[in-house]
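The next block holds one structure in the form of structure tokens; read it before the comments.
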Amino acid sequence: MEKEYTLFNLSFLIIVGLILIVLSASISYIVATRLVLPKNNGEVPKDDDIVDFTGITYNLGTFTTDLRDTNRTRIIKVDIYIELEDKKALQQIEERKIQLQDKIITILRSKSAEELKGNEGKQMLSDEIKIGLEKFLSYKIINVYFNEFIIAQ
């Protein structure tokens, strides 16, 4: 017994197939927009929102020192990179590296773990290091980056 396909059966199969295609496309769109895209309502960032980057960075090293906590000993370990405005600054940084590293250690030791808490504390430390290092250089530091940032007891 062979089953005969009539025009009605073929139409039904085509309609079911189209419904499945539309349903799978809709689910794919929902998954892509809700899970994959960033949480900015699917909007592309504006040029003003994108942080400029010069591409000139220098690793000042990893610093491990104690913090200014009176009730218990806290240790901070940070790996610091600086972003520079000019490649010419690299030579000056190499010449004054010891002074720059000493300034960073002095700044780190003057902070408590509470002051460095959260993004605000990290940003405050970044700003203070930037200002402190620029006193030794004739070039501007664009930004200070932490490749590692650990506070331990």
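The values are calculated or read from the model by the stated rules, or taken from the named source; none is laboratory data. Everything numeric here is computed off the predicted structure, so don't read it as measured data. All Cβ positions, glycine included, derive from the backbone under ideal geometry; neighbour counts span all protein chains shown.
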* Inspect the stretch 138-151 for any residue being surrounded by 13 or more Cβ atoms within 10 Å (Cβ to Cβ), part of a loop (DSSP other than H, G, I, E, B) and without any contact (Cβ under 8 Å) to a residue 60 or more places away in the chain and give the result as yes or no. => yes
* Are any residues in the stretch 77-112 buried (at least 16 other Cβ atoms within 10 Å of the Cβ), of a type in the set (Gly, Ala, Ser) and under 15 Å from Gly132 (Cβ atoms), and if so, which ones? -> none
* Structure fact -> Asp69 fails exactly one of (1) surrounded by 15 or more Cβ atoms within 10 Å (Cβ to Cβ); (2) among the acidic types (Asp, Glu); (3) more than 18 Å from Gly55 (Cβ to Cβ); (4) touching a strand residue (DSSP E or B) at 6+ places or on another chain (Cβ under 6 Å), namely (4)
* Asked: Does the stretch 53-82 hold any residues that are touching a residue at least 60 places away in the same chain (Cβ under 8 Å), closer than 25 Å to Ile98 by Cβ and among the charged types (D, E, K, R), and which are they?
  -> Lys77, Asp79
* Structure fact -> Reported set for the stretch 114-137 where residues are of a type in the set (Val, Ile, Thr) and either part of a strand (DSSP E or B) or surrounded by 14 or more Cβ atoms within 10 Å (Cβ to Cβ) (or both) is Ile129
* Asked: Could you give every pair whose Cβ atoms fall below 7 Å, whose first residue belongs to the stretch 85-112 and is at pLDDT 95 or above, and whose second residue is assigned to a helix (DSSP H, G or I) and not hydrophobic (A, V, I, L, M, F, W, C), counting only separations of at least 6 or pairs across chains?
  -> Lys103/Gly132; Ile107/Glu128; Ile107/Gly132
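Let me confirm something: among Gln99, Gln153, Gln123, which residue is touching a Phe, Trp or Tyr at 6+ places or on another chain (Cβ under 6 Å) and farther than 15 Å from Thr57 by Cβ?
Working: Gln153 fails: touching a Phe, Trp or Tyr at 6+ places or on another chain (Cβ under 6 Å); Gln123 fails: touching a Phe, Trp or Tyr at 6+ places or on another chain (Cβ under 6 Å).
Residue meeting the stated conditions: Gln99.
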